[in-house]
1. Looking for something near the ligand (Cβ under 10 Å from one of its atoms), touching a helix residue (DSSP H, G or I) at 6+ places or on another chain (Cβ under 9 Å), without any contact (Cβ under 8 Å) to a residue 24 or more places away in the chain and of a type in the set (S, T, N, Q) - is there at least one such residue anywhere in the range 2-23?
2. Filter the range 53-96 down to the residues that are open to solvent by less than 70 Å² (accessible area, probe 1.4 Å), charged (D, E, K, R) and in contact (Cβ under 8 Å) with a residue 24 or more places away in the chain and list them by number.
3. Taking only pairs six or more apart or across chains, which ones have beta-carbon atoms under 7 Å, a first residue in the range 163-192 that is farther than 22 Å from residue 131 by Cβ, and a second residue that is assigned to a loop (DSSP other than H, G, I, E, B)?
4. Condition first: exposed (fewer than 14 other Cβ atoms within 10 Å of the Cβ) and outside any helix (DSSP H, G or I). Now tell me which residues in the range 25-52 satisfy that.
5. Which number in (1) crowded, with 16+ Cβ neighbours inside 10 Å; (2) touching a helix residue (DSSP H, G or I) at 6+ places or on another chain (Cβ under 6 Å) marks the one condition that residue 116 misses?
6. Within the range 181-216, count every residue that is open to solvent by 30 Å² or more (accessible area, probe 1.4 Å) and outside any helix (DSSP H, G or I).
7. Determine whether residue 159 is free of Cβ contacts under 8 Å to residues at least 60 places away in the same chain, out of contact with any His (no Cβ under 9 Å at 6 or more places or on another chain) and open to solvent by less than 20 Å² (accessible area, probe 1.4 Å).
8. Any residue in the range 113-129 that is within 12 Å of residue 201 (Cβ to Cβ) sitting within a Cβ distance under 7 Å of a residue that is of a type outside the set (A, V, I, L, M) and away from the ligand (no atom under 12 Å from the Cβ)? List the pairs, counting only those 6 or more apart or interchain.
Amino acid sequence: ERAGIDAGGTLIKVAIQKRQGWHFQSFSIRQVDECLAWLNERAAPLSLRITGGKADMVQDKLNRQDKASVPEFLASCNGARHLLALDGQSQLTDFILTNVGTGTSINLIRGETQEWVGGTGVGGGTLVGLSGLLTNVYDYSKLIQLAAQGHRDSVDLTVSRIYGNGTPPIPGDLTASNFGAVSSKAAVPPSADQVASVIGLVAETVTALSVMAAQKAGVDTVVYIGSSFVENPKLKKSVTRYSRQWGLTPIILRDGSFCGAVGAALSN
Ligand code: ADP
């Protein structure tokens, strides 16, 4: 049995490997003390590895010997391979791994190798921060609930709306301009629509970059991970649909928020 911690910009993810399987738990980065107390109760006898941008901060607070840190991309890529194999997908060896965390990072995985190929600052932090500025709701779950009733057409401009009765050169349902349908203060769309459109903006940005990366590398599958997909059907749907439009196979990995923590635990 072993444990891994992935301390990121927003959340701390913990993975504990037990005989029966993995146990996962996440905490806000503001609850680091609660997280460590929780961990001490359950995983004190286990070996522990830490990864993520805030690994040093967690390490400083931990009073134990075996707390070596693991490079972030190595951990998330190894964790993704492991969770894919548990999902019966061990035949998948070459793919793009897109991690939509607070920000978004994109890695190319070929067999045992991985290479960071880029990313974007548009990610889960954008979902919360931009939606917060627009609607004054900053709570992730509340934003997701709000978005559930939202429609993007009052906010975003599709290709077909620009072309009207003409024939567009690309699929008409693609977004021509995110937020481009908002043109006057007189017609401010409802909050729900605004949040739905922020989610659309995040979905389309991370997918477009993933598609480019996949085309450049000559791979046909993109595996999406990160906590931005947690309880977020709109993000999942847009990412899936848009990836497929480009002929790629999208996989939104179950428990994909915990790839970093799993990869850290495994590097014992
Ligand atoms: P990081 O490792 O950078 O913390 P994560 O993969 O944990 O990134 O994803 C963080 C994002 O997940 C947040 O920006 C937010 O969009 C989303 N999220 C999911 N669940 C929560 C939650 N309980 N609290 C805050 N953000 C959440």
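The values are calculated or read from the model by the stated rules, or taken from the named source; none is laboratory data. Quick caveat, the model's predicted, so the values are computed rather than measured. Note: ideal-geometry Cβ built from the backbone for every residue, glycine included; neighbour counts use all protein chains shown. SASA here: full protein model, heavy atoms, side chains in, ligands and nucleic acids out. Shrake-Rupley method; radii C 1.70, N 1.55, O 1.52, S 1.80 Å.
1. Narrowing the range 2-23 to residues near the ligand (Cβ under 10 Å from one of its atoms): 6-13.
Retained after the next criterion (residues that are touching a helix residue (DSSP H, G or I) at 6+ places or on another chain (Cβ under 9 Å)): 6-13.
Next cut, without any contact (Cβ under 8 Å) to a residue 24 or more places away in the chain only: none.
Within the range 2-23, none of the residues are near the ligand (Cβ under 10 Å from one of its atoms), touching a helix residue (DSSP H, G or I) at 6+ places or on another chain (Cβ under 9 Å), without any contact (Cβ under 8 Å) to a residue 24 or more places away in the chain and of a type in the set (S, T, N, Q).
2. Selection gives 81, 87, 94.
3. Correct list of pairs: 163/172.
4. The answer is 28, 44, 45.
5. Every listed condition holds for residue 116 apart from (1).
6. 5
7. Answer is yes for this residue.
8. Cβ pairs passing all conditions: 120/205; 122/205.
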